[in-house]
Structures are given as C-alpha cells and as structure tokens.
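The values are calculated or read from the model by the stated rules, or taken from the named source; none is laboratory data. None of the values given here were measured: they were computed from a predicted structure. Every residue, glycine among them, receives a Cβ derived from its backbone with ideal geometry; neighbour counts consider all protein chains shown.
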Amino acid sequence: MATANLVFPLLHPINPRFLHNPSPQRFPLSPNAFSSSSSSLVATRAFNTNEFLGDFGARDPFPAELESGFGEKVIGNVDSEHKILIPNISALSLSQQQCTPISPLQSPMSEEDIQKLVRKVVGWRLLKEEGGFKLQCLWKLRDFKCGVELINRISKVAEHAGHFPSIHLEQPNQVRAELWTASIGGLSMNDFIVAAKIDEIRTSDLAPKKRIWA
C-alpha cells in the first residue's frame, strides 16, 4: 500500500459540513488534513499503486459557484451539435486538387480570376497572346541530360494529372513549359493545378553547379 499527498489550490472557503459529510463518490477527507495557516488544501489518501489514476477527474461545483450563475456565462448549449468539417476544394492548395474534364462550351477563365491565381504558382508568368492567355515557366539546367530528365519528371506529373503542358528543350540546357486549355482558347483551373504540381518537382539536383572562387 502506498500513500500520496495531493495538493489542490484553495479557491473557496471550506464549509465545515463537507468535512463531516463527504460525498460517497469522493474519497473521504479528514478534518486534520486542512491547515488554517496555508493557502492550499492538502488531502492524504492511501491507494494501491496500480490504481494511481483510478479516481481522478471532474468535481461537482461548489455552492458558491452555483449561486454565481457561472454556467450562464458559458457559450453554447448542452444540446449543441458538434461536427468535424472536411475542407472543401477551395480550402485546399492548388497542388492538392485534381483536374476535371473541360467542356468545349465552357468559357475561359476571366483575367480577374487569372491574376488572383497566377500569384499562387511560383515561377510561372502570364502570357497574353492572340489566342488567349497562357502560363509559361523557364528552367536553366546544368546540361542537356538534366534538361531531358526534367522533361521526364514533368511528363510523369502531367500524365498522372491528365492535363498536359507544351514542353520544349531549348538550347542545350533550357526547358520551357507552357500551359493552356486549347479546347476553350484560354486558361482553366486545370492549368493552374498542373502548374502547382510541377512546382513541387525536385530540381535542385539538375541546377547548374555554383562556382566557388578561391
């Protein structure tokens, strides 16, 4: 049998009747357990070490607390309904969204919406051509092999998304990618989704090596 001392802050004056008429749901307190010279309420209880967390939890409110009407100051009701909300598509980042089929009858995205979304795709710039808006991104790489490798990585992302950019290997070490939805003659949400997914491709191992001057 082990003995432990539990110390609780004394927030309210102790009513003597609680000392002689303890609640059967609480462990009995001895009148000798209280010290008038201390600001803490000390209770000693003998218990088995295997039941260390057995009788520890919420308490009933004190009479003074009931008289203060503290429960009326709590926001909410006892019958309030609690729901776990799943984020909708607008709350997800572009790279987490999936491309959807585009109807040829669908109008291209407005310039106002385009300007809002282009800020969310790093490294992509907006091109305004006669056929409509396009997204363009350029990569400077270490050499020709790195250019081919980047094109392969972009192709895998595009194939998985189901929306394909136009990719060009320019010069020996530059890759250019352009995105637009040809069926509607402009940009759609799919273009920004794929651009965001391409942004997450690792390219640090393909970048030109920095020269270190002695």
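Overview of values
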read-out	value
Residues (over 30 Å from Asp113 (Cβ atoms) and either out of contact with any helix residue (DSSP H, G or I) (no Cβ under 9 Å at 6 or more places or on another chain) or among the aromatic types (Phe, Trp, Tyr) (or both)) located in segment 141-155	Arg142, Asp143, Phe144, Lys145, Cys146, Gly147, Val148, Glu149, Asn152
Residues satisfying the stated conditions in segment 100-122, i.e. in a loop (DSSP other than H, G, I, E, B) and surrounded by 14 or more Cβ atoms within 10 Å (Cβ to Cβ)	Ile102, Pro108, Met109, Val121
Odd one out for Gly69, checked against (1) surrounded by 12 or more Cβ atoms within 10 Å (Cβ to Cβ); (2) at pLDDT below 95	(1)
Number of positions in segment 156-204 that are hydroxyl-bearing (Ser, Thr, Tyr) and touching a residue at least 40 places away in the same chain (Cβ under 8 Å)	4
Every residue from segment 136-150 that is surrounded by 15 or more Cβ atoms within 10 Å (Cβ to Cβ) and touching a strand residue (DSSP E or B) at 6+ places or on another chain (Cβ under 6 Å)	Gln136, Cys137, Trp139, Gly147, Leu150
Members of segment 136-150 that are part of a loop (DSSP other than H, G, I, E, B) and free of Cβ contacts under 8 Å to residues at least 40 places away in the same chain	Asp143
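Here is a yes/no grid of residues against (1) surrounded by fewer than 20 Cβ atoms within 10 Å (Cβ to Cβ); (2) in a strand (DSSP E or B); (3) on the phi < 0 side of the Ramachandran plot:
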| site | (1), (2), (3) |
| --- | --- |
| Lys134 | no, yes, yes |
| Asn152 | yes, no, yes |
| Ser155 | yes, no, yes |
| Ser183 | yes, no, yes |
| Ala195 | no, no, yes |
| Ile198 | no, no, yes |
| Thr203 | yes, no, yes |
| Lys209 | yes, no, yes |
